[in-house]
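Q: I am attaching a structure below and will ask some questions about it afterwards.
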Amino acid sequence: MSFFLVNIAASVDNRPVSSPMQLFKIQNVYIELLFKYMLYQFSYKEAILRFFGLVKTCLDLCTLLISCDELKRYDNMLETIVKQTEQTLILHSKDNK
């Protein structure tokens, strides 16, 4: 099996993926390979349960990354508001002197 992987690795070029469909096809190959490996290692039922757990973990991570991005935007908004408030207070205090 490692001979097979070495031959594939030697023939792969470093060009970026040009289309989403190409990326989808590559993803499908890796997913199928992973599932076949799980079938080889575990029983059919165990492979399905483990594969499901892996997919669920990936989806949870995607959800978490989206939440983190929203938190960053929220943090940036708050930082902007704080800076504007500080500038307004500084200007206001200068006007009162």
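The values are calculated or read from the model by the stated rules, or taken from the named source; none is laboratory data. From a predicted model like this one, the values you see are computed outputs, not experimental measurements. Glycine also receives a Cβ, built like all others from the backbone with ideal geometry; neighbour counts cover every protein chain displayed.
Q: So Ser93 passes all but one of these: (1) at pLDDT 90 or above; (2) exposed (fewer than 10 other Cβ atoms within 10 Å of the Cβ). Which condition number does it fail?
A: Just one mismatch for Ser93, condition (1).
Q: Looking at the structure I just gave you, is Lys45 surrounded by fewer than 10 Cβ atoms within 10 Å (Cβ to Cβ), assigned to a helix (DSSP H, G or I) and of a type outside the set (Phe, Trp, Tyr)?
A: The answer is yes for Lys45.
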